[in-house]
Each structure stands twice: as structure tokens, then as C-alpha cells.
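For reference, the structure is listed below as C-alpha cells.
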Amino acid sequence: METDFSQNFYQIEIPLSFTDFGATQAEDIWPEMNELAIDLADLSKVKSFGIANQTLNQISYYDIIDGEAIPVTEFAPRTLGVTRIGIKGNPSLGSYEV
């Protein structure tokens, strides 16, 4: 995991599809739409935006739509299947603890 959780981090969010009451099949309880898959290049995209806009000192949010990072506000409406990435500071994927 990243070694600095308070000043330098990525925040990755997906909206979840609710399970219907009484569902018993695994794919109904946790549909594929709820799986988190992230392209590491998307992290670079939002970091580049933060560097260019000089906003890394605050948390900024981006929706990833068709491979593009679209700046959004924290509480912008969510769309099922769309990943939202927040970034603050200058996180490094090279600083992991096992």
C-alpha cells in the first residue's frame, strides 16, 4: 500500500449496483458491474492534470469516461460503470509496503 495516506494518495471509487432482496446467486449478489478494474495509466492522467493545474495541494476528482479523465466536483452525480479517481499531493506507485 502507499506509505503516506494523509498527504499523498489516490482515491478510487465506483458506484455500486444494489442487490435485489432475496437474491441467492453469486452474480446477482455481487454483479460484474461492481468489480473494480483500473488502468494504471488513468492514475498518471489525473496526476498530470493536477500538476498542470497546480491543484495537488487539495483533493481533486476525475471521472474516467472512454479513457479520458474528466474533472468533476466531489459530489457530482455518479454513473454506474464509471470510475472516479481522486488525487491529493504527489502519490507514487513506487512506494509500496508489502
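The values are calculated or read from the model by the stated rules, or taken from the named source; none is laboratory data. Values in this document were obtained by computation on a predicted structure and should not be read as measured data. Positions of Cβ are generated from backbone atoms using ideal geometry, with glycine treated the same way; all protein chains shown enter the neighbour counts.
Here are some notes:
- The listed residue being in contact with an Asp or Glu (Cβ under 9 Å, 6 or more places away or on another chain) and either under 17 Å from Leu93 (Cβ atoms) or of a type in the set (Gly, Ala, Ser) (or both), out of Ile64, Ile38: Ile64
- Residue match in the range 36-44 (condition: at pLDDT 90 or above and surrounded by 14 or more Cβ atoms within 10 Å (Cβ to Cβ)): yes
- Tally, over the range 73-89, of residues that are surrounded by 18 or more Cβ atoms within 10 Å (Cβ to Cβ), touching an Asp or Glu at 6+ places or on another chain (Cβ under 9 Å) and among the aliphatic types (A, V, I, L, M): 1
- Of all the listed residues (Pro15, Pro31), the sole one being touching a residue at least 40 places away in the same chain (Cβ under 8 Å) and either more than 27 Å from Gly94 (Cβ to Cβ) or of a type in the set (Lys, Arg) (or both) is Pro15.
- None of Ile64, Ile59, Ile85, Ile70 is modelled with pLDDT of 95 or more, in contact with a strand residue (DSSP E or B) (Cβ under 9 Å, 6 or more places away or on another chain) and not charged (D, E, K, R) except Ile85.
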